[in-house]
Amino acid sequence: MQGTCPNHWKMLSPTVTEFYPDEPPRFEERFRGAHVLQRDENGLEKCVACFLCSAACPSNCIYIEAAENTDTMRISGGERYARVYNIDYNRCIFCGYCVEACPTDAITHGHGFELASYNTSTLVKRKEDMLAPIPPGPKPSMVTACGEVAKPQPV
């Protein structure tokens, strides 16, 4: 009898209706949606291409190619950055191991959930699709190949 009591309690509670297309859905804080590649407070990418997320992934859906940061062009705060960062959502099981393995908290689960597609090639998300927007505020100056300091462009 103890096993059926929670079921009966749930049956007697009022139903909750969400008007999804008209109102945005409400998610719990720990909801695992589409991945987001985070930036630091200066607008640089947090990913340092350490490959730990790719190694931790049980479905082998993360593909990374690393490149070196130079003095003239900084993409991330570390020595390397992810030149290519792809996640194949055809294979991803949203387990969160990649998020747990990342030492710089570069990859997180966002609240994006509309990932369905009739074409499987659109389910391979590239780095540009997953990057968080540049935070507002002063942007860091970039040094061009000519040695000139480039002013950040207004958005």
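The values are calculated or read from the model by the stated rules, or taken from the named source; none is laboratory data. These numbers come from a predicted model, not from an experiment. Reconstructed Cβ throughout: ideal geometry from the backbone, glycine too, with neighbour counts over all protein chains shown.
Taking the stretch 77-109 on its own, how many of its residues are part of a loop (DSSP other than H, G, I, E, B), in contact (Cβ under 8 Å) with a residue 60 or more places away in the chain and closer than 21 Å to residue 42 by Cβ? The number of residues fulfilling the criteria is 2.
Against the definition (on the phi < 0 side of the Ramachandran plot and in contact with a strand residue (DSSP E or B) (Cβ under 9 Å, 6 or more places away or on another chain)), how does residue 100 come out, yes or no? For residue 100, the condition - on the phi < 0 side of the Ramachandran plot and in contact with a strand residue (DSSP E or B) (Cβ under 9 Å, 6 or more places away or on another chain) - is not met.
In the stretch 78-95, is there at least one residue being of a type in the set (Gly, Ala, Ser) and at pLDDT below 90? Taking every residue of the stretch 78-95 in turn, none turns out to be of a type in the set (Gly, Ala, Ser) and at pLDDT below 90. Here is a check on your reading of the model: is residue 32 in a loop (DSSP other than H, G, I, E, B), under 13 Å from the mean Cα position of the chain (by Cα) and not aliphatic (A, V, I, L, M)? Here the answer is yes, as residue 32 does meet what is asked.
A Cβ distance below 9 Å, combined with a sequence gap of six or more or placement on separate chains, defines the contacts here; from the stretch 37-66, residues that are touching a residue at least 60 places away in the same chain (Cβ under 8 Å) and over 16 Å from residue 86 (Cβ atoms) reach residues that are surrounded by 17 or more Cβ atoms within 10 Å (Cβ to Cβ) and among the hydroxyl-bearing types (Ser, Thr, Tyr) in the pairs 38/108; 44/76; 44/81; 46/76. The requirement of being crowded, with 16+ Cβ neighbours inside 10 Å, touching an Asp or Glu at 6+ places or on another chain (Cβ under 8 Å), of a type in the set (Val, Ile, Thr) and at pLDDT 95 or above is not satisfied by residue 36.
Of all residues in the stretch 43-85, those satisfying the criterion of being more than 24 Å from residue 135 (Cβ to Cβ) and of a type outside the set (A, V, I, L, M, F, W, C) are 54, 58, 59, 60, 63, 65, 68.
Cβ-Cβ distances below 8 Å connect the following pairs, each with a first residue in the stretch 112-128 that is touching a residue at least 12 places away in the same chain (Cβ under 8 Å), a second residue that is in a helix (DSSP H, G or I) and surrounded by 10 or more Cβ atoms within 10 Å (Cβ to Cβ), and a separation of six or more residues or different chains: 115/123. Can residue 58 be described as loosely packed, with under 10 Cβ neighbours inside 10 Å and of a type outside the set (Gly, Ala, Ser)? When the stated conditions are applied, residue 58 does not pass them.
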